[in-house]
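None of the figures in this text is laboratory data; all of them are computed from the coordinates on show. Small disclaimer: the values here were computed from a predicted structure and weren't measured. Cβ atoms come from the backbone with ideal geometry, glycine included; neighbour counts cover every protein chain shown.
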Amino acid sequence: QKEVEQNSGPLSVPEGAIASLNCTYSDRGSQSFFWYRQYSGKSPELIMFIYSNGDKEDGRFTAQLNKASQYVSLLIRDSQPSDSATYLCAVLWGDMRFGAGTRLTVKP
Amino acid sequence: GAVVSQHPSWVICKSGTSVKIECRSLDFQATTMFWYRQFPKQSLMLMATSNEGSKATYEQGVEKDKFLINHASLTLSTLTVTSAHPEDSSFYICSARGSGRASPEQYFGPGTRLTVT
């Protein structure tokens, strides 16, 4: 069965710190990887996507992909209380498969 | 970015009645739309995938006769929960993937919170 695994957390970091969110996936054939943020009671919103091995940076967010290890991560620099949310890792193979999400709390 | 709307945003209905939820892509044509359900503190669960003009593909364990999906146009898909029961109370979210778009990301609607009393 194709799976996407995330540590459910909660992950708590102080304001200004780097938050590191991790995700592993089971299907080596996966090509596209996504990070979504979901606030409580809201639907997910796309933060960024990555296709190639290595790092991809967008503002305070950096996605890292290692296809050999089947691992994708999201780093949030200078974390803010407004970053407190559940972060969903998603992997595309035909349709989008989501991890269970990691709950992040950024404490002022 | 792409915009997906859902209507209604919330609905309360009595057990045994049917509820229709609409999902629209506002600024792009969505060849594929997805319907998810999310229970409190749980992850998104894919219910079905619909392609414009064809029958929806349901995930294992999802009753196709209970959750009717219609994707009649490139901008509209509907989910009808028939004979709803309290256990159907959940957050229903649609997402859409466009045609002719270079990247495969999906954009989510704001969700519909269904409460069945």
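With contacts defined as alpha carbon pairs under 8 Å and 6 or more residues apart, what's the relative contact order of the range B:11-91 in percent? Before the final figure, lay out the partial values.
On the way: 145 pairs, mean separation 31.1, N = 81.
Averaging sequence separation for qualifying contacts and normalising by length gives 38 percent for the range B:11-91.
For chain A, what does the relative contact order come out to in percent, with C-alpha contacts under 8 Å and a separation of six or more?
39
Hey, what D do you get for the range A:18-108 in µm²/s if you plug the Kirkwood alpha-carbon radius into Stokes-Einstein at 20 °C and 1.002 mPa s?
Numbers: Rh = 13.3 Å.
Answer from the Stokes-Einstein relation: 162 µm²/s.
Over its Cα atoms, what ratio of radius of gyration to 2.2 N^0.38 Å does the protein assembly as shown give? Write out the running numbers ahead of the final one.
On the way: Rg = 17.7 Å, N = 225, 2.2 N^0.38 = 17.2 Å.
Normalised Rg, Cα atoms only: 1.03.
Please turn the phi angles of the range A:78-91 into ³J(HN,Hα) values with the Karplus equation 6.51 cos²θ - 1.76 cosθ + 1.60 (θ = phi - 60°), one per residue in order, whole Hz, x for glycine and proline.
6, 4, 10, x, 5, 7, 5, 5, 9, 10, 9, 8, 9, 10
If the rule is a partner Cβ under 4.7 Å, which cysteines in the protein assembly as shown fail it?
If one checks each Cβ against the other cysteines of the protein assembly as shown, B:Cys13 turn up with nothing under 4.7 Å.
Can you run the Rg to Rh ratio on the range B:24-64? Use alpha carbon positions and the Kirkwood inverse-distance Rh.
Values: Rg = 12.0 Å, Rh = 11.5 Å.
Reported Rg/Rh (Cα atoms, Kirkwood Rh): 1.04.
Partner chain Cβ atoms within 10 Å, averaged over the residues of A:28-40 - can you pull that number for me?
Working: counts 0, 0, 0, 1, 3, 0, 4, 0, 5, 0, 6, 0, 2.
What the average comes to for A:28-40 is 2.
Counting pairs on different chains as well as pairs 8 or more places apart, how many Lys pairs in the protein assembly as shown have Cα atoms under 15 Å apart?
Numbers: A:Lys42/B:Lys41; A:Lys56/A:Lys67; B:Lys20/B:Lys64; B:Lys20/B:Lys66; B:Lys55/B:Lys64; B:Lys55/B:Lys66.
Lysine pairs meeting the criterion: 6.
Counting only residues 5 or more places away or on other chains, whose amide H sits under 5 Å from the amide H of A:Trp93 once H atoms are built in the peptide plane?
Residues meeting the criterion, in which the H sits 1.01 Å from N, do not exist here.
Using the Cα centre as the reference, give the magnitude of the dipole from point charges on the C-beta atoms of chain B (Lys, Arg: +1; Asp, Glu: -1; all else neutral), rounded to the nearest 20 debye. Don't jump to the answer; show the numbers that get you there.
Details: 11 positive and 9 negative charges, 22 e Å.
Charge dipole, chain B, about its Cα centre: 100 debye, nearest 20.
Can you tell me the FRET efficiency between A:Glu5 and A:Tyr51 if r is taken as the Cβ-Cβ distance and R0 is 22 Å, rounded to the nearest 0.05? Present the calculation step by step, with values, prior to reporting the outcome.
Numbers: r = 20 Å, r/R0 = 0.91.
Efficiency computed from Cβ-Cβ geometry: 0.65.
May I have the extent of the alpha carbons of chain B along their three principal axes, as whole Å values ordered from largest to smallest?
43, 26, 22
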